[in-house]
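I have a structure here, written as structure tokens, and I will follow up with some questions on it.
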Amino acid sequence: MKILNIAALVSALVGSAVAAHAGESISLVLNWTPAADHSPFYYAKAQGWYEKVGIDLNIEVGKGSGVSSLKVGSGAAPFGIADLATMLVARGKGADDVALMSIYANTGQTFYWLKSYGVHGPKDFPGRKIGNPPGDASRVMWPAFAKAVGIPPDSVSFVNVGPTAKTAALKSRTVEIISDFYNSHDLKLREFGDDLGSLNWKDIGLNAYGNSLIANGAFLDKHPKLAENFVRITQKAYAACVADFDPCLKALLDQVTGLDREEQQLQWKRIKYLMADEFTTTQGLGWIDAGRMKKDYELVQTYIGMEKPFPLESAFTSKLLDPSIKMDASKVER
């Protein structure tokens with residue numbers, strides 16, 4: 001009997017050790033397919049940083065900020081990546097989303113076109129076809145862009161084009177304009193050269209926060225320490241990748257197939273520019289400023305409308321960030 005009791009005890013202890021080692025299974029739903037801007041998650045995972053605090057991270061491929069905002073907001077995933085203005089739109093529709101860390105302190109939203117198609121700027125957009133996926137942040141926020149440049153929101157037609165097929169769709173003239181993130185700018189320059197035209201939303205005064213780490217509000221309330229650990233490890237990983245991208249790129253390429261090394265290196269150069277502003281370089285990498293958030297809320301309310309207005313302070317927090325970890329401005333180049 002004593003032997004059986006000892007055996008049962010050993011079995012229980014082993015089971016507990018395995019569970020502690022494995023950690024709690026936590027999902028992160030990306031905004032798009034994995035690329036350089038997601039590499040810090042893959043790097044931290046490869047280093048075992050999440051595992052050390054009891055998090056078994058599962059990274060899910062995304063289908064747009066609109067989709068990730070709704071998935072996290074419904075509780076189907078505890079964490080996600082989403083364009084912050086798009087998240088505010090989703091929250092206005094009842095999604096329980098809270099922003100925890102900005103990744104793109106500057107908007108990455110950019111429209112691209114070919115001059116040879118007769119497009120030279122937003123005034124030439126009416127009557128044209130714009131290619132992007134249904135959940136694309138620029139499609140969600142299109143009314144804001146259209147009003148800002150003075151064209152009717154219904155003057156263009158949208159064509160469903162997958163994230164990896166945008167350049168090919170533009171080249172084949174399936175569409176005449178595409179939306180994409182600024183971090184892919186060099187890839188398009190290499191493909192189209194002087195024929196390429198582009199406009200970043202920041203250049204027309206629409207500099208809403210871009211991709212950000214978001215969480216389900218109910219999950220955040222229930223697991224505050226886990227959320228803090230997740231945020232701080234993610235923040236640490238982004239800082240490490242800014243300091244030296246090579247190990248992060250290796251982790252990304254080891255875990256994700258089909259990516260080109262040179263393309264991801266070029267993207268990371270642009271991403272560092274998008275990560276830096278007066279707050280991320282002084283208050284903490286990933287810092288979300290209340291003043292800027294107020295402007296983003298007003299932008300959504302003015303141009304799109306807020307179905308269910310909510311207290312802005314309930315939609316974001318920078319309290320989980322480690323203020324000692326700051327964005328290194330010396331690493332930024334445009």
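Computed from the coordinates by the stated procedures, all read-outs in this text should not be read as laboratory data. Since we're looking at a predicted model, the values are computed, not measured. Heads up, the Cβs are rebuilt from the backbone with ideal geometry, glycines too, and the neighbour counts pull from every protein chain shown.
Using DSSP to call loops (not H, G, I, E or B), can you name the trypsin sites (Lys or Arg not before Pro) in segment 142-226 whose Cβ has at most 15 other Cβ atoms within 10 angstrom?
For trypsin sites (Lys or Arg not before Pro) across segment 142-226 that sit outside H, G, I, E and B with at most 15 neighbouring Cβ atoms in 10 Å, the list reads Arg173.
Now, a different point. If a paramagnetic tag sat 7 Å from the Cα of Lys93 along the Cα-Cβ line, which residues of segment 136-153 would have the backbone N under 14 Å from that point?
Hits in segment 136-153 for Lys93 at 14 Å: 136-143.
Roughly what would the spin-label model give for Val149 and Asp194, points 7 Å off Cα along C-beta, in nm?
Each label point lies 7 Å from its Cα, and together they span 2.3 nm.
Residue separation times 0.36 nm, minus the C-alpha to C-alpha distance between Asp203 and Ser27: what's the value?
Full extension from Asp203 to Ser27 adds 59.9 nm.
Additional query: Listed highest first by mean packing, meaning other Cβ atoms within 10 Å per residue, what order do 100-109, 286-295, 270-279 come in?
So the order, starting with the most tightly packed, is 100-109, 270-279, 286-295.
Calculate the radius of gyration of the Cα atoms of the chain to one decimal place, then report Dmax, the largest Cα-Cα distance, as a whole number, both in Å.
My reading of the Cα-based Rg and Dmax gives 21.2, 87 Å.
Sorted by mean Cβ packing within 10 Å, highest first, what order do the peptides 56-62, 177-183 take?
Ranked by mean Cβ neighbours within 10 Å, highest first: 177-183, 56-62.
Who wins for biggest fluctuation among Ala95, Ala215, Ala137 in a Gaussian network model of the chain, springs between alpha carbons below 10 Å?
Ala95
Any idea what the relative contact order of segment 20-81 is, in percent, if you count C-alpha pairs under 8 Å spaced at least 6 apart?
51 percent
Gaussian network model of the chain, Cα springs within a sub-10 Å range: biggest mean-square fluctuation belongs to which of Thr167, Thr281, Thr257?
Looking only at Thr167, Thr281, Thr257, the biggest GNM fluctuation is shown by Thr257.
On a full-extension model of 0.36 nm per residue, what is the gain between Thr164 and Glu313, subtracting their alpha-carbon distance, rounded to one decimal in nm?
Extra length from Thr164 to Glu313 when fully extended: 50.1 nm.
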